[in-house]
Structure formats: structure tokens, C-alpha cells
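*Asks:* Take this structure first; my questions come after.
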Amino acid sequence: MHREETGAQQLLKLGIGLAAVVFSLLLTALVILLAEASPIDVFEKIVEGIGFSGQGADILRISGVINFWIPLLLVCTGLLVTFTAGLWNIGVEGQMMMGAIFASYVAQFVFLPPVPQVALEIAAAALGGALWALLAGVLKTRGGVHEIFGGVALNNLASIFSIYLISGPWSNEGGQASPPFRSEALLLPYNNEFKVSLVALALMVVAFIVIFAVLRGTRWGLELKAVGKSQRSALLLGVPTERDALQALAVCGILAGLAGSTRVLFTYGNLRPLVSGGIGFLGLLVVLLTGTRALWVPLISLLFAAVLAGSTRLKIALQLDQSLVGVVQGILVLMIILANGVRGRFFAARQAAADGASAAGKESAHE
Amino acid sequence: MSVEVRNIHKHFGPVHANNDISLRFEDGRIYGILGENGAGKSTLMKILSGFYRIDSGQILVNDRVAHYDTPRGAIQAGIGMLAQDPLDVGAFTVLENFVYGQPGGILPDWEAARRRFSEIEKHLGFELNPELSVEYLSIGQRQELEIIRLLALGVHVLILDEPTTGISAEQKQVLFSSLKRLAHQDGLTILFVSHKLEDVLDLCDEVAVLRLGCLVGTAQMPVTTNDLVAMMFGQELAPASRDDIPFGDIAVEVTDLHMISERVTLRGLGLKVRAGEVIGLAGLEGSGQQLLTRACVGLIKPLGGRIVVAGKELTGRHYRDFLAANVCFGAAGRLEEGLVAGLTLTEHFILADPEQTAWIDRDRGTRLAADRIAHYHIHGQPESSIEMLSGGNQQRVLMALMPPAPVLMVLEHPTRGLDVESARWIWEQILARRRDGTAIIFVSTDLDEIVTYSDRILVFYAGQVTEVPDARRTTVDELGHLIGGHSVLSGEAV
Amino acid sequence: MSRRLLLSLVVVAALLLPAVSTLAQNDEFVFGLVFVGPRNDHGWSEAHYTAGRYVEEHIPGARMVFFESLNAADAPETTLEQVVDEMVGEGAQIIFTTSDDFEEDTAAVAEKYPDIIFVSVSGDDVLAGTAPENLSNIMGIMEYGKQIAGCAAALATETGGIGYLGPLINAETRRLAASVYLGARYCYEHYRGLDPDDLTFTVTWIGFWFNIPTVTLDPTEESRRFIDNGADVVISGIDTTEALVVAGQRAAAGEAVWGIPYDYKNACGEAEDICLGVPYFNWGPAYVDMIQAVRNGEYTQVWDWNGPYWDDINDVDRSAVGWVNGNGLTEEHAAQLDEFIAMLAETAPEQITKDNIDEPGQQIGLWVGPLNLQNGTVLAADGEIVPPSAVWYLEQLLEGMTGSSTAE
Ligand SMILES: Nc1ncnc2c1ncn2[C@@H]1O[C@H](COP(=O)(O)OP(=O)(O)OP(=O)(O)O)[C@@H](O)[C@H]1O
Ligand SMILES: [Mg+2]
């Protein structure tokens, strides 16, 4: 939109971005000071927690970051699809849980050699997520239930269902989790240093690349984009908007299901209440923050994974009140919004106002 | 208050939207700003009203250089533009909107505001209920509110960009008389952008014509339409000619259609359209025309009745089934219905291209777009975002997206907002398809257009439909009577 | 934000740095605590946190590192293993994982760190024989505290309705709920002279140790429901204080209702006037013992089920389980309760360990026959003592209680 950009304006933009970062850092520092801790320590501990310290990199901690990044980027990738189609897939959390539940079923009750076993678990997870997402889609297209409300309801249902399974049919003596899965049914870490499942990592990378390419290069991707920007116009251009919306949800469900499967097959090794752990919601936040710009998603999701995983170290080393970590996270969000939005807004405001006015001027009311 | 622009330049990427424009506007006068679509009229107006920043040049207010680059700054300098939509603040009342648009403390003085409001309202001869929620206002009433608001802000230069699209003839009369009063009695400067030459002739004291970003001339009244056209396009234009051609088989048949909207009810409407026939739907906006057009393309499901296209029963079917039956539709709101703001021209053509496979052939798309852009004389690049195009060019894109030989073409306001030349050109395209056997149903509020191009005319008045007995011999005046519901010539349903 | 502010921030930070680093002393002994909830929950987790502070006061050089709210909802990014990795990195030599939620994961990390001692609180790995050498279990015999709570409720109730807010269903939660019931029956009959079969004792399981919106039943809602359905004493079996808070609100609105919280000594503070008292854990002494043993190189694997110190069940240095009266208890009732506690003391073993659990004759207060399980099977014949292991692994609620014994 801003083709008229000059060098000076670009410099200004950069300046605003930098100022936003500095401002947020200062704000964080201030909050930490109020909590009677040292900001420098806090930042240092987070960075250490991510795996970087004076003594060099700590592979184990880096693994921790990656292990959280995998499900996060998987859901973000799925959400890229639904956001492109203009859908608020709040139900992503439940889709993760359903994926986890389906994978857990196979892990417990199907007995195959390791490779087909895990493959079947992952496929089941994809199926579970997709079905749950389609349910939200059908509620929307057939029942007229907005995907936000449908999604919230389905999230609750999925969670209730998983708790029922854990405390009932799949209960483990005494615990509130299913029995641990046997190791052939698990995604295994590469080794004891780099404790990351290469299969999961590969899934994440491939999923992102494929979705990226599909959104960019296929007719379906273009259709989703059109539907997302204006469902009405897309319909009038001949796009099968309903079918596309359902498909977008299903694809997101598949990816959310995969994310759920990494939680049960890798992180925990059994089914627990709330296996999704809010990762789906975090994914929504991440994708919103990037403004649905696909290339930013891996980066921003990694940033969040890093800060969250790094905060484990922070919490233990400094024994801060845990809400402080929430504050640090909140400020991270603020920083991105500031760096992103303010800059854009600063330049877009008058443009948008003008465009809006002229567009409106040319259109007329409908019957 | 006088305003002057000197050597204004404005670029949008490769487009030189305003090229060295110098103009002076004196107080007490109404200026018509004319020019073909994409000439740069809106750009110049937005510069004056602070929405765009100039690349180079000067703006002088009362002979002193003014430096503002926000709409607010412009208003402080005394220049205000009629924005048509920013009032859409949900359920606020007229008065609330008026007050929130004013500077002032957190706690407004409601009584004073109400007095001020009705004072200006009276002066202009408007009638607005200050307690009414803005969402119930018509476009014309919103304009009135906006003018009152701007005047209360102390604006001395009032800019109106195509204000007469979509308002009724009566509202137009009210608007024009108030504008004349503002200029000639109160000494305001008024800038009026329009494509309707009659309006300009009726209202303005002076005109300025832009073309491809440049100022090509100014003229004092009186001038003739032909003079204006010649200035705008370098030549005089004849309307696209409509030959009498033999009609073919029945392309679409509507029987006993029953439909209901919030405002009107259609009862038992019947209509047969043959291949090559052009049906014009006339009437005030909202009299039921859109119910018919939308039923004919499957966007609204009728309560009763049948729709058969080329012998195929399509009653109650989905829009996409109509498309498959080779029906095409151009809706009234271009950017809300038909074009996707945010997508490029190429992307539009790819979406509408049946040859494109699952994996997009971008080259093919770009070629096709370039091809259509050339063929339809669209001012824009394949990679331009659609909303960057001027209104006329958007309309051309819409036309370019339609399949070459549809069975039925349903068009709502096909030339709204278009300059005379573009409108003529669009009709050439439509008539070319007609010659190939396409049946055409179109809605328009422009009576000239209806009279010129229709083989048959249906007049809608509050849901009642009357066919004009001899469409080819009818006149604009006669039609005007019918539209107002004054006399029904023949009661027969058609 | 001005340059001056930035400057002052840097200065303050620079001043703080050395202060923080001097904390690292040479003779320090680091111990880790992992909490499932927040450390200020006025319940289970706070009781452990308080114990951690107690250790720091009583063992010179002892330094606590802790991690709070380790559960999938609050810390999805963190696993127990990661927490332990970090704590070991901080120098922790013994780590207490303070929830049965951590039981399996603790066993797994204990294998990974054979040189670190792990204490899985409330677990039974050692008893079951599945624990590695460096893993121990401790628990308090809260059955006493719960019997006292039940007695207090029975003394106070006017409607004969008692509501018990249970977490999730397992052997531990069943035996605690049943202990309340036993105390209530006994006192209803012996002090009130009423028929214990007229007591309505309802257990509602919310699904987890504390409220997780949309996942668990809402404890606030359930507490209200108890009162609406005729209970006038609501007893908490969960980690947090909703039951007492709701009772307080209803009492403020003029109703005659009482509440009994759980876990944490000062939990009555949420609604003092209608609080009948609180059965609580005092983990400090057990922690100190464990840590001293590890520090002196005298660690041996234990499974300890620690009872009250009967001479003064509120002795902070000796009693593992205690009860403090609340303001809601009348003097008369308080006296009767003292009598009841003295009665419990008569038969009580002070500590049950993995070595003595199967010795005959160990009686946990009212856990004596005749007792039937909820499904009617006999738990103990008339006069027969229910052995501690049968209490520990209680398979059902008792006959006469309303509520599920197993999840579906
Ligand atoms: N925001 C923008 N970004 C890029 N190009 C623009 C923008 N606004 C206008 N243009 C281009 O500048 C040229 C002039 O546009 P402008 O809107 O001023 O025309 P106009 O005379 O008002 O036309 P119309 O009669 O169709 O409204 C057009 O080619 C248009 O595509
Ligand atoms: Mg314009």
C-alpha cells in the first residue's frame, strides 16, 4: 500500500520499531524492579534458560525450547489456514485434545511394530483433530453457529471427554492420567543431549513448508484468501465458500491433532487432563500478532517458545512470583504489537481513512 | 475564503495521479471538478482535505501557504470534505454523532449542541431528527448530517466527491439548493466532483477538467454538455448504439415470484426474457428491483414461484448452480460484492479462470490479466490491488471477469460512478454480448440509461411492478412519473 | 520514557546485582520443592511452602528453590523433568515433589538422577516396591485430622446435612472423605445423642485438586449447591478454600452455615467467624528430618506415614498433622472435640512406616468394624481393626455416604 515510501520514511519506521522494543524492555525492567528483582538478572536467566550462557550453548535447554515450539508451530500453521479463510478457529484447543485422545487410543490398544505403530498414532491424531474441526465447521455452515461459539463449546466437550477417559475407562490406579504408554508407542528423543523427537520436528517443518506452499501457490489457497477478505465477493466470483471453509477447518484440525499427538506421545508419554495446555490459544495469539504473515510465524512462535521455556529457569533461579512471568510475556506481546501495529498504523491511518471514504463514496446502500 | 493549489504533484507508485495542477477557488462560488475515471479528481480533493500528502507543490489558503497533512489540520485551516462513511459509529444518534465530531471537553454541553445543530439545520433547509440512530439514516441524510457537522466546525471550503450517487431526486434538490445558498449567500467555496454533467450544469458556476492527472481546462458557465464532453475526452461522444436485433428463445422465465424483504414485498411477478433482449428495471432504490435480480441468480431464495434458465429449472438452487448454468451477475456494491479488496487484478482473473488447475499457473494468470487490462482499457497493473483502482476501472474489471457469452447477464447499476465515456464503453461491451444472444436484465436509477438501452422496461414502485407499454418510445419524463407512483398506465402483470 | 528514567533503572539494577550474588554462600544446602498449585493457595501448596521456609529457619545454610503451579494448564511449556534439571543445576541435593500428580514422573527422574534424593509426597512407590533407592515417600496421617473435622461438623450441624467437596477420586481421597464421615457419625451419636443414620453426608468430586475453569466442576458453584440442598456444613477436601468462602458469604447473608477448609494452618482466615476449624499438614518436621539425613549422609529410603504428636497436635516442631479450632466452634463443642481427640490418641500409633505397616493392632482412630463399603461388602467385622494398608488403599467409600466411589 505504501509504494510512495521514501528513504526517510523507512528510517522512521525502523526507528519506531526500535523505540517499541526499547520501550517494552524498559517497561519490563520497571515491572521487575517493582517486584524487587533485578531486570538484568531476569533477562540473563531467561537467556540462560533458553540455552545460552557464558559457558556456551546448553543443548538440553535448547531442546526444551524446541519441544515446546513443535506443537506451537504446528497449531500456528493450522491457524494460518483458517485465518487466511477469515475463520476464528477458537476450537483449535479442543482439536489438539482430540488429536491427543485419538493418538492415545492407538497407543494403548493397538499393538504394531514401532514404526507403523507411531505412524498409525499420528494418523489417528490427524483424524481426531480433523473430525473435531469439521464438527465446528458443520455447526457453522449448517447450524449457523459462529465458529467462535461452536469452538468454545467443542473445547469444553473435548476436555470433559478426556477427563472422563482418564478417570474412567483409561484410568491408572491412583493417578489422574492414563497409564504410561509403552516405549514402542512413543516418539523418542534423538539422544540424551538433544532431547527432541526428530519425527515430530520433521512433521513440524514439513507441515509448515507444505502449508506455506499451498497457501501461496494453489487455487485453493487463493480461494481461501479471497474468502477471508470478503466472503460475499468470493462467493460472487464463483468460489465455493462453504466447502473451502470446511476444508480449511479440517486442515487446521489435522495440524492441531498432530500438535496434540506430540504432547501425549512425546512430552508426557500418557494422556493427561488439559494436554493441550493452552497452546492452541497461544497459537491464536501468535498468528494474530504476525498479522497472518506466514513467514513471521515460525519466528514469533519460536520467540514465545523460547521465552516460556526460558522462564522455567527464571522461575527457579530467582524464585519470583509466577505472575511476573506472565507480565514478561504480556510485555512481549505488547512489544510485537507496538513494533508491528503502531508503525503500520502511523503510516496507514490517513491512507486507510482516505481509501475508506472513497470506497464508500462510490458504493451505495443495498436493499 | 479562497483556496489555491500550485504545481501539485502526487504519485502512487508508477501512477502520476496529479501532475502539476494549479487552480484557484474563490469564495462564494461553486466549482465543478470533472474528468474521466482515474483522472485524479479524488486525489486532488483528498490532498486539499488533508488525507493525502503532496509530493511537491503548495496549498494556499487566503493567499498564505498552508501546511497541513491531516484531515484535522485541513479542517482547522477551514477545508472540509464530505466523508460518507465515518459516521458509522454503531447506534449513536444524530446528535451524539454531531457532538462527538466537535472539539470540546469530556462533558459536552448537550443543550448548546442541540441549539447549534438545529440552527444550522434550519438554515440549510434539512430535516433530521436529532434523536434518531444514525444507522436508520439514508445516504442522503447522512450527507446532510455530515455537512452540518463540518459547518459547525467552521469549515469555509466544502468538498463533495460524487455526492449524488445513490440519493433520490428529491434529496438531490434539497442538497443543491442548500449548496447554492451556502455559496451565494454565505460566501462559502464549494468543490463538487461528479460525473453527471446535468448536475454540474445545474449547480456549478465554473468547472475544471482533469485528464490523466493533468488540468486540461477550466470554463465559466454557461457551457453545454457537449462542450464539457469535448473538454473531458477530446471529442464528442454518441451513446453506444443499440441495434434492433431479432430475439432468440426464452433465456429465462420467472413465474409467480413471491418475495419479501424488510421494505417491500413482491407478489406474483412473472417475466420472460428472450435471448438478446434487454430488460431495464427502473424505480427508486429499494422498490424491489434487487429482489428480482437476486432471485434471478440464486442469491435470495424466493418464497414462491419458479425460475427457469434456458429450459433448466433452477428454483431454490444455489448461486453456484446459476453460474454453472451460465448466468452471470454484476452486483451494485463492487467492493462488497464481486471484487475482493486486497486481491490483485491477476488474482481475480485466476479465480475466474476455469482453465486454472489446482496448482496455479502464475504466468498464465499474469498474461491473462495483462491481456484483459489491454482489451478492457483498465488503468491498472496486473499486480495492483483492486481497491487501488478508480471506480470506473473497478467496474471495467468486473466486466472483464464475466464469461464471454453467458445465457443471462444480471447487472445492478452497471455504470454508477462512471464517467460518460466509460459508461458508454461498458454498454458497448454489454450490447456486444447481447448480439451474441445474451439476455440482459439491469437495474438503474439513471433514467437516461434505462430509456436508451432497454427493449422493455419494468417500473418498480413499492413492490408493484408495471411494464411501460412502449419502451422504445417512452421518455425520461414519462418514466419519472411512473417511478414516483403517480399513475399506473397498465395494471397488467408482465 | 526519558533518558533520566533509563539511567536510574540502570543504576538501580547495578546496585541490586551484588546484593543478589552475595546470597550464594559456600556452606549452603539447596533443596527443591515442586508445587502443583500456587504457593499462596492457602491450602495444600502453601502448607508445603511454609514447610520450606521452616526448613530454612531451622537448618543453617539451607536454601529452598521451588517451582509453583506445575500443571498442564499453568505451565504447558514445563515438564517435571525440566524443573528437576534446573533444580539440580541450581545445586539441589534433595527434591520434594509435592503432589500425587507427579508420582510417575518423579519415579522416572529419580532413575535419571541416582545421586539426588527425591521425596514423592503422598506417593506409594516405596510401599509398592517399585521405587529406586533414592526415592522416598512421606505423608501425614490426615485421617485423624479428617475425623476431627467430621466430628466438628456433626457437633455444629443443625440440619444433619454435611457436604464434602472432593477433588478427584482415588484411594487417598476416598479414605479422607471416609474418615470425615466416620468422625461425623461418631460425634453425632455420642455427643448429640442422635441417630447417625439420619446424617446426610454427600461427596461431590470436582475432578481435580483445584478449580480449572471449564475442566473441573466449579467448587464455588458446588459449595453453593450443597447449601441449597440443605447442608449447613461444607467441608473442603480440595487444595483451595472455596467451600469456606462460600459458607462465609452465605452466613453473611444471614444463613446458619459453617465451613471447614483443609491443608493449611491459617486457612480459616478466609471466613473466620463461621470456620469450625481446620485439619492441616505440618510438613516442616518431616522435611527437616529428611534433609538432615541427606546432609549427614545418613539417608535411607523411607515410606513414612506420620501422625500427630498427641501431647500437642499443634506442636510445630513435632506434629505432622494438626487441627486448630475456628471461631465458629462454640466452647461447649470445643470441649467435646478435645475429648474426642483424646479418645483418638489412646489407640494411635505415632508413625506408620513401610516396616511396621503390616504389624497387627494398629488402629487409626475410628477405623474399626463393623464397617461396610459402599457396595455392601464387609470391610471389617464388628470390633475388627481395619489395618492401615487397607485404609491407605481404600477401594470404596463407606456405606452410608452419598457420592461416587469410582469415576464411572
Ligand atoms: N491509494 C492509492 N494507491 C494507489 N493508486 C491510487 C490510489 N488512489 C488513487 N490511485 C490511482 O490514481 C489515479 C487517480 O485516481 P483518483 O481516485 O484520483 O481518480 P478519480 O478521478 O477520482 O476517478 P473516479 O472518477 O473513478 O473516481 C488512478 O489511476 C488510481 O488508480
Ligand atoms: Mg474519484
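The values are calculated or read from the model by the stated rules, or taken from the named source; none is laboratory data. All values reported here derive from a predicted model rather than from experimental measurement. Here the Cβ is made from the backbone with ideal geometry for all residues, glycine too, and neighbour counts use every protein chain on show. Calculation scope for accessible area: heavy atoms of the full protein, side chains included, ligands and nucleic acids excluded. Shrake-Rupley method; radii C 1.70, N 1.55, O 1.52, S 1.80 Å.
*Asks:* Looking at this structure, is B:Ala341 small (Gly, Ala, Ser), open to solvent by 20 Å² or more (accessible area, probe 1.4 Å), assigned to a helix (DSSP H, G or I) and not assigned by TED's automatic domain parsing to the domain that holds B:Val193?
*Replies:* no
*Asks:* What are the residues in the stretch B:253-283 that are aliphatic (A, V, I, L, M), surrounded by 18 or more Cβ atoms within 10 Å (Cβ to Cβ) and within 14 Å of chain A (Cβ to nearest Cβ), if any? Lay out the reasoning, then the answer.
*Replies:* Initial filter on the stretch B:253-283 (aliphatic (A, V, I, L, M)): B:254, B:257, B:259-260, B:264, B:266, B:269, B:271, B:273, B:275, B:278-279, B:281-282.
Filter once more, keeping what is surrounded by 18 or more Cβ atoms within 10 Å (Cβ to Cβ): B:254, B:257, B:259, B:264, B:266, B:269, B:271, B:273, B:275, B:278-279, B:281-282.
Selection gives B:Met259, B:Val264, B:Leu266, B:Leu281.
*Asks:* Could you count how many residues in the stretch B:415-451 are more than 14 Å from chain A (Cβ to nearest Cβ), out of contact with any Lys or Arg (no Cβ under 7 Å at 6 or more places or on another chain) and more than 16 Å from ligand 1 (Cβ to nearest atom)?
*Replies:* Here the count works out to 18.
*Asks:* Also: Would you call B:Thr366 in a helix (DSSP H, G or I) and of a type in the set (Val, Ile, Thr)? Full working, then the answer.
*Replies:* Values: in a helix (DSSP H, G or I): yes; of a type in the set (Val, Ile, Thr): yes.
When the stated conditions are applied, B:Thr366 passes them.
*Asks:* Whether any residue in the stretch B:158-167 is more than 16 Å from ligand 2 (Cβ to nearest atom) and closer than 28 Å to B:Ala282 by Cα is what I want to check. Before you say what the answer is, go through the steps one by one.
*Replies:* Just the residues of the stretch B:158-167 that are more than 16 Å from ligand 2 (Cβ to nearest atom), to begin with: B:158, B:167.
Those left that are additionally closer than 28 Å to B:Ala282 by Cα: B:167.
Scanning the stretch B:158-167 turns up at least one residue that is more than 16 Å from ligand 2 (Cβ to nearest atom) and closer than 28 Å to B:Ala282 by Cα.
*Asks:* Is it the case that B:Leu335 is under 25 Å from B:Asp353 (Cβ atoms) and either open to solvent by less than 40 Å² (accessible area, probe 1.4 Å) or assigned to a loop (DSSP other than H, G, I, E, B) (or both)?
*Replies:* So B:Leu335 fits the description; yes.
*Asks:* Name the residues in the stretch B:1-16 that are within 14 Å of chain A (Cβ to nearest Cβ) and open to solvent by 10 Å² or more (accessible area, probe 1.4 Å), would you?
*Replies:* Passing the criteria: B:His9, B:His11, B:Phe12, B:Gly13, B:Pro14, B:Val15, B:His16.
*Asks:* Tell me whether the stretch B:222-245 contains one or more residues that are modelled with pLDDT of 85 or more, touching a Gly at 6+ places or on another chain (Cβ under 7 Å) and either within 16 Å of ligand 2 (Cβ to nearest atom) or open to solvent by less than 40 Å² (accessible area, probe 1.4 Å) (or both).
*Replies:* Checked the stretch B:222-245: no residue is modelled with pLDDT of 85 or more, touching a Gly at 6+ places or on another chain (Cβ under 7 Å) and either within 16 Å of ligand 2 (Cβ to nearest atom) or open to solvent by less than 40 Å² (accessible area, probe 1.4 Å) (or both).
*Asks:* Would you please name the residue that is nearest to the other protein chains (Cβ to nearest Cβ), looking only at residues in the stretch B:38-67 that are within 16 Å of ligand 2 (Cβ to nearest atom) and more than 30 Å from B:Trp425 (Cα to Cα)?
*Replies:* Here the answer is B:Phe51.
*Asks:* Does C:Gly193 meet the test of being at positive phi, in contact with a Leu (Cβ under 9 Å, 6 or more places away or on another chain) and surrounded by fewer than 21 Cβ atoms within 10 Å (Cβ to Cβ)?
*Replies:* Criteria not met by C:Gly193.
*Asks:* Of the residues that sit in the stretch B:38-59 and are surrounded by fewer than 22 Cβ atoms within 10 Å (Cβ to Cβ) and either of a type in the set (Lys, Arg) or on the phi > 0 side of the Ramachandran plot (or both), which one is farthest from ligand 1 (Cβ to nearest atom)?
*Replies:* Checking each candidate, the answer is B:Gly57.
*Asks:* Right, another one. Find the helices (runs of 4 or more DSSP H) located wholly in the stretch A:267-367 whose residues include 2 or more that are modelled with pLDDT of 75 or more and within 16 Å of ligand 2 (Cβ to nearest atom), and list them.
*Replies:* Values: elements: A:279-289, A:296-318, A:322-337, A:343-362.
Fully inside the stretch A:267-367 and qualifying: nothing.
*Asks:* Which ones in the stretch B:179-206 are within 16 Å of ligand 1 (Cβ to nearest atom) and open to solvent by less than 10 Å² (accessible area, probe 1.4 Å)?
*Replies:* Hits for the stretch B:179-206 are B:Leu191, B:Phe192, B:Val193, B:Ser194, B:Leu197, B:Asp199, B:Val200.
*Asks:* May I ask you to list the residues in the stretch B:393-414 that are away from chain A (no Cβ under 13 Å) and within 11 Å of ligand 1 (Cβ to nearest atom)?
*Replies:* Residue satisfying the conditions is B:Arg396 alone.
*Asks:* If I ask for residues that are within 27 Å of B:Arg416 (Cβ to Cβ) and more than 11 Å from ligand 1 (Cβ to nearest atom), which ones from the stretch B:26-37 would you list?
*Replies:* Those that are within 27 Å of B:Arg416 (Cβ to Cβ) and more than 11 Å from ligand 1 (Cβ to nearest atom): B:Ile30, B:Tyr31, B:Gly32.
*Asks:* Of the residues that make up the stretch B:17-37, is at least one without any contact (Cβ under 8 Å) to a residue 40 or more places away in the chain, open to solvent by 10 Å² or more (accessible area, probe 1.4 Å), more than 16 Å from ligand 2 (Cβ to nearest atom) and not acidic (Asp, Glu)?
*Replies:* Taking the stretch B:17-37 first, the residues without any contact (Cβ under 8 Å) to a residue 40 or more places away in the chain are B:24.
If we keep only those that are open to solvent by 10 Å² or more (accessible area, probe 1.4 Å) too, we end up with B:24.
Those left that are additionally more than 16 Å from ligand 2 (Cβ to nearest atom): B:24.
Adding the requirement that they be not acidic (Asp, Glu) leaves B:24.
Yes, the stretch B:17-37 contains at least one residue that is without any contact (Cβ under 8 Å) to a residue 40 or more places away in the chain, open to solvent by 10 Å² or more (accessible area, probe 1.4 Å), more than 16 Å from ligand 2 (Cβ to nearest atom) and not acidic (Asp, Glu).
*Asks:* Go through the stretch C:121-231 and tell me which helices (runs of 4 or more DSSP H), entirely inside it, have 3 or more residues that are more than 14 Å from chain A (Cβ to nearest Cβ).
*Replies:* Where helices (runs of 4 or more DSSP H) fall fully within the stretch C:121-231 and carry at least 3 residues being more than 14 Å from chain A (Cβ to nearest Cβ), they are C:142-156, C:171-190, C:219-228.
*Asks:* Another one. Condition test on B:Ala74, is it assigned to a loop (DSSP other than H, G, I, E, B) and either within 15 Å of ligand 1 (Cβ to nearest atom) or at pLDDT 90 or above (or both)?
*Replies:* So B:Ala74 does not fit the description; no.
*Asks:* Starting from the stretch B:372-395, take each residue that is in the same structural domain as B:Gln429 (by TED's automatic domain parsing) and list its partners that are part of a helix (DSSP H, G or I) and within 6 Å of ligand 1 (Cβ to nearest atom), counting only C-beta distances under 6 angstrom and pairs at least six apart or across chains.
*Replies:* none
*Asks:* Moving to a separate point now. Could you check how many residues of the stretch B:315-344 are among the small types (Gly, Ala, Ser) and more than 7 Å from chain A (Cβ to nearest Cβ)?
*Replies:* 4
*Asks:* Pick out the one residue from A:Leu165, A:Leu198, A:Leu186 that is surrounded by 17 or more Cβ atoms within 10 Å (Cβ to Cβ) and more than 11 Å from chain C (Cβ to nearest Cβ).
*Replies:* After applying the criteria, what remains is A:Leu186.
*Asks:* In the stretch C:244-289, how many residues are assigned to a loop (DSSP other than H, G, I, E, B) and more than 17 Å from the chain's Cα centre (by Cα)?
*Replies:* 6
*Asks:* Condition first: closer than 18 Å to A:Ile316 by Cβ, of a type in the set (S, T, N, Q) and assigned to a helix (DSSP H, G or I). Now tell me which residues in the stretch C:45-80 satisfy that.
*Replies:* Across the stretch C:45-80, the qualifying residue is only C:Ser45.
*Asks:* A follow-up question, please. If the requirement is being more than 12 Å from chain C (Cβ to nearest Cβ) and either aliphatic (A, V, I, L, M) or open to solvent by less than 20 Å² (accessible area, probe 1.4 Å) (or both), which of these qualifies: A:Ala57, A:Ala29? Outline the logic, then answer.
*Replies:* Working: A:Ala29 fails: more than 12 Å from chain C (Cβ to nearest Cβ).
Exactly one residue qualifies, and that residue is A:Ala57.
*Asks:* Right, here's the next one. On the basis of being within 11 Å of chain A (Cβ to nearest Cβ), assigned to a helix (DSSP H, G or I) and more than 12 Å from ligand 1 (Cβ to nearest atom), does B:Glu347 make the cut?
*Replies:* Taking the combined requirement at face value, the residue satisfies it.
*Asks:* Assess whether A:Ala35 counts as being farther than 15 Å from A:Gly310 by Cβ, at pLDDT below 75 and buried (at least 17 other Cβ atoms within 10 Å of the Cβ).
*Replies:* No: the conditions fail for A:Ala35.
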